[in-house]
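So the structure is just underneath, and the comments pick up after that.
The values are calculated or read from the model by the stated rules, or taken from the named source; none is laboratory data. The structure displayed is predicted, hence computed values, not measured ones. FYI the Cβ positions are ideal-geometry reconstructions off the backbone, even for glycines, and counts take in every protein chain you see.
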Amino acid sequence: MNTGKLSVVSGEDPRVPELVERCQRGERDALGEFYRAYRGEVTRNLQRVLGPGRGDLEDVLQDVFIEAFRSIGRFRGDARVSTWLYRVCINVALQRLRKRKRLAEVPADDVAESVTEETPERGLDTRRRLGAVYRILDHLSPKKRIVFVLHEIEGREPKEIAQLVGAPVLTVRTRLHYARKEFYARAAGDPGLDGGGAA
Amino acid sequence: MNACVRPDRLADYARGRLQSARAAAIAQHLSGCDGCRVKLDRITGAHRALRDAAEAPVPDVGSVRTEATIRWTRVPRQAAVRPAFWFGLGAAACAAGVCLLLARPAGVASSASPRVAVAPRVAPSPVSPPPAVAAAGESAMVTLLGGDVRLWRGGKSRALDAATLLIGGDRLITGAGARVAVQWGSGSGLLLTSDAELAFSALTATEQSFELARGRADLRVGRHQPGEQLAVRTPSHVVTVHGTWFTVAADGARTTVEVYEGVVEVAERGGRATTLLHAPATGVFGPGRAQHGPLDAAKAAQRRAESEVNLVPWPSLEAARAATALLAVASTPEGALSIDGVQLGQTPMAVRRPIGRHLVDIVRDGFHPLRKWVTVGVDTGELRMALPRVADEQLMEPVAVEEMVRARGRQIRACYERGLKRDPTLAGTVSLKLAVGDVGQVRRVSVEESTLADPVVADCLKHEAAGWAFKTGRNATVVYPFVFRAQ
């Protein structure tokens, strides 16, 4: 599976530490460079957690970078920049999900046409199923949802998830167990996911 | 295995994560259980969707906000402890101590209590701060600026810049539709609205005096030190206040005063007649006569909403400038601007706000309202927004829906045929209510009525219709009945 995740495992560009140092000094050019370098990855991660076709993606993206720039002075290089940024990303996404729950935001009925398919019919099926999956995810608690997305969509192992969300591995395993149980129980009863095996 | 399989176990089975013996038992169960096969089909669908989510293309968002994000972000200094920092901190603390000793006048309480009383129009009391200290840095800061506002200083006129500090002797002239708010102390400031002329006769810690030649000025006055005095002079009257919120309008020989908080004293120039106005009150004062009474509550509330001075926290002028920044807001077309729920006036406008996040709202009739969170940073920020016009409603022709139903016939039939597999006698009508958006897209679908025994068919139709987009018709609601019977 091509997860396209941030380079937690793979090596990091040797120019990154210098870029971070410049950001820590508050150099505007460096902040711009940092933003442009990581915008795509952050957007991808946010979209996976929050779901496609929601109007708040751009706002949350901006919040991630504002939060990252605010706390970049405290970054000591203990982890890779990408891992640290991913943690910021998860925290901001978590806040956003909690806000959605608090405001009882109505889940999007339809998923925007962000998924490209070779035929319109197939595209429609894909969007229908994607919409159904994110409607089910909207029922999970934000913490369970994050763990579920990191495991089931991004293919990360509980140990790695524990580092990212800052929780013990056992807690992550428990959350994942209940998240999967709840998700698949709802999925099994959702006619919006019909035809998955035939396609 | 006779008992049905748990859905999460089915998910593991579908992904081949089970041991062969357990997988074989589940496969055997599936061969004889229709219900579990349907569940497996849906779980496989969920797996496909999860894979699609992982591979979905990344939308290009955020590129236009790059500058804004960086400009409005302040990177705090590094938390590393450095000797130079501690030396600097110590030096700053010493300097602050010296400043406090110099600035604090002898015999004055550190926090003055609010006074809702008329100030004596006499020389400052003996306990007032010495002028030599008070005069230092007595300037007013612009907190809001919109439209054509000119500044007269030293006999020359120029357009007022939001970053300019105003001093005693300055004169402001506002054009039609313009407004400017200035602040000179904690909780004290004024708003000058269109076609007005006001001069800063005196601007010191103990006396703030303004000459309103024409137009209207809304004033808010915060806590005063003992002996501090504020007065607005119109061509005919003098309005003196302490700790209050009021409006003065000058029109030739007539002066209108409205008091929303506190008490003001209105005296005719020459000192012949004096009137005390207790809020909420309104009064019209002409040569030798005065007419005043209580101010209607609804009118007072409306006036207060219109006279927002946009005050910012004010420990001192320097601290207020350092802790705030200007945000220029422009919209196409112009609209009514509110920041953090407070109405400020028409765009374009430069507004001074404390550094941090603020909620910006712009509204205009006939256009969709805009709402954005913005982060005001240390530098001047700029926000330009376009208000989308509310599209006129266009009637949906039935033919447009029928064309769509014909085009999507196969998918619609598939929904029904899946129901037929479950119940070969299934027949009836499903009426769908479609809310069509401003570009013809289906925004919302609901089942208006269904006589089909199987609700799954209606759900399937709902999902199908949710992806439709009509070429003709917008901003409309359509109810369309689908009639199903087996042939």
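If you check B:E306, B:E265, B:E261 for being under 22 Å from B:V342 (Cα atoms) and in contact with a strand residue (DSSP E or B) (Cβ under 6 Å, 6 or more places away or on another chain), only one passes: B:E261. For the range B:293-308, the condition holds for at least one residue, the condition being that it is modelled with pLDDT of 80 or more, part of a strand (DSSP E or B) and within 27 Å of B:Y260 (Cα to Cα). Consider the range A:122-148 and keep the residues that are more than 19 Å from the chain's Cα centre (by Cα) and crowded, with 17+ Cβ neighbours inside 10 Å. The one that is farthest from B:I412 (Cα to Cα) is A:T126.
Might you check whether a residue that is closer than 30 Å to B:F367 by Cβ and loosely packed, with under 15 Cβ neighbours inside 10 Å occurs anywhere in the range B:460-467? So far as the range B:460-467 goes, no, none of its residues is closer than 30 Å to B:F367 by Cβ and loosely packed, with under 15 Cβ neighbours inside 10 Å. Residues in the range B:288-303 that are over 30 Å from B:S338 (Cβ atoms) and surrounded by fewer than 12 Cβ atoms within 10 Å (Cβ to Cβ) were compared, and the one that is farthest from the chain's Cα centre (by Cα) is B:G288. Residues that are crowded, with 18+ Cβ neighbours inside 10 Å and either at pLDDT 95 or above or within 7 Å of chain B (Cβ to nearest Cβ) (or both) within the range A:184-199 comprise A:Y184, A:A187, A:A188, A:D190, A:P191, A:G192, A:L193, A:D194, A:G195, A:G196, listed in sequence order.
Scanning the range B:466-477 for residues that are aliphatic (A, V, I, L, M) and either touching a Pro at 6+ places or on another chain (Cβ under 8 Å) or facing chain A (nearest Cβ under 10 Å) (or both) returns B:A466, B:A469. What number of residues within the range B:38-61 satisfy the criterion of being touching an Asp or Glu at 6+ places or on another chain (Cβ under 6 Å) and more than 7 Å from every other protein chain (Cβ to nearest Cβ)? So the answer is 0. Only one of the numbered conditions (1) touching a His at 6+ places or on another chain (Cβ under 9 Å); (2) at pLDDT below 80; (3) assigned to a strand (DSSP E or B) is not met by B:W245, and that is (1). Got a number for residues in the range B:9-43 being assigned to a loop (DSSP other than H, G, I, E, B) and over 53 Å from the mean Cα position of the chain (by Cα)? The number of residues fulfilling the criteria is 4. Residue count for the range A:20-50 under the criterion of being over 23 Å from A:R96 (Cβ atoms), of a type in the set (K, R) and at the interface with chain B (Cβ under 9 Å from one of its Cβ atoms): the result is 2.
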